[in-house]
Amino acid sequence: MGLEFIKRVQRATLVVGVLAFAFVALYYSPNFGLGMLVGCLWGVANFWALEHVLTAVLRPDAVDRRRAFIFAGIKFPVLYAAGIIVLWKGWFEPVSLVAGFSLLFLVVLLKALGRTVLKMDQPAPSKEAHHRL
Amino acid sequence: MDFQTALSLALPLGLSIAALGSAFGLGRAVAAAMDAMGRQPEAAGKIQTGMIIGAALIEALTIYALVAFFILQGKIGG
């Protein structure tokens, strides 16, 4: 399980967010669905910025300061200000934003559960072990 | 103490406790990840992945507290 897991989680969350938006907007309320989509997009953008900040800072060799500052600048003032403005203005129900934001963690949980159930993180058995069986 | 006073005292207190807990948790997680990466640089990718997911989960708890703050803020001073 490497960094490609993070990329796959981000892509899967975007797909789930769009599907949830369509379903909720059609069967419950368009505003609630849009709030879920905005929450989902914010969560994915936040996760993407967090990934870049941490991979720039936490590395075995020298810290990539330029990249760390750029992504920290995107994450903390820009994304957080956008989130506060969306909450403050009351365009969407806060519950819809939280539901959309939580989709990312649902995807992480289900993907991790899938890997555990399918035993994807265990090393493949060698040919000798296979013959012995 | 009435409901309004209790809420106006508890809201900022609760949010600051959530922020403090998140800060301590993130600090410990990053320190442990740096330590693990120093011991096993070849496992940096796996450590970073676990670290990123852990950091996102810790951060999410603070964001939930912030959203709860915004929801309950409207009930103060009504």
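The values are calculated or read from the model by the stated rules, or taken from the named source; none is laboratory data. Fair warning: this is a prediction, and the values are worked out from it, not measured in the lab. Every residue, glycine among them, receives a Cβ derived from its backbone with ideal geometry; neighbour counts consider all protein chains shown. These area figures cover heavy atoms from the full protein model, side chains too; ligands, DNA and RNA do not enter into them. Shrake-Rupley method; radii C 1.70, N 1.55, O 1.52, S 1.80 Å.
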Can you tell me which residues in segment A:22-50 are farther than 22 Å from A:Ala81 by Cβ and open to solvent by less than 60 Å² (accessible area, probe 1.4 Å)? A:Ala22, A:Val24, A:Ala25, A:Ser29, A:Phe32, A:Gly33
Identity of the residue in segment B:1-26, part of a helix (DSSP H, G or I), open to solvent by 40 Å² or more (accessible area, probe 1.4 Å) and not hydrophobic (A, V, I, L, M, F, W, C), that ends up nearest to A:Asp61 (Cα to Cα): B:Gly21
Any residue in segment A:1-23 that's in contact (Cβ under 8 Å) with a residue 12 or more places away in the chain: show its pairings with residues that are outside any helix (DSSP H, G or I) and not aliphatic (A, V, I, L, M) at Cβ separation under 8 Å, as long as the two are six or more apart or on different chains. A:Met1/A:Asp121
Suppose we keep only residues that are under 19 Å from A:Gln122 (Cα atoms) and open to solvent by 30 Å² or more (accessible area, probe 1.4 Å) within segment A:1-16. Which one would you say is farthest from the other protein chains (Cβ to nearest Cβ)? A:Glu4
Among residues belonging to segment A:105-124 that are open to solvent by less than 100 Å² (accessible area, probe 1.4 Å) and modelled with pLDDT under 85, point out the one that is farthest from A:Val15 (Cα to Cα). A:Ala124
Got at least one residue in segment B:31-38 being within 16 Å of A:Leu50 (Cβ to Cβ), open to solvent by less than 40 Å² (accessible area, probe 1.4 Å), in contact with a helix residue (DSSP H, G or I) (Cβ under 6 Å, 6 or more places away or on another chain) and in a helix (DSSP H, G or I)? yes
Selection from segment A:55-83 of residues at the interface with chain B (Cβ under 10 Å from one of its Cβ atoms), part of a helix (DSSP H, G or I) and open to solvent by 60 Å² or more (accessible area, probe 1.4 Å) yields A:Tyr80
When you check B:Gly45 against the structure, is it touching a residue at least 12 places away in the same chain (Cβ under 8 Å), small (Gly, Ala, Ser), out of contact with any Lys or Arg (no Cβ under 9 Å at 6 or more places or on another chain) and closer than 21 Å to A:Met1 by Cβ, yes or no? no
Restricting to segment B:40-78, name every residue that is surrounded by fewer than 18 Cβ atoms within 10 Å (Cβ to Cβ) and more than 19 Å from the chain's Cα centre (by Cα). B:Gln40, B:Pro41, B:Glu42, B:Ala43, B:Gly45, B:Lys46, B:Gln73, B:Gly74, B:Lys75, B:Ile76, B:Gly77, B:Gly78
Looking at segment B:10-26, is at least one residue in contact with a helix residue (DSSP H, G or I) (Cβ under 7 Å, 6 or more places away or on another chain) and farther than 22 Å from A:Gly83 by Cβ? no
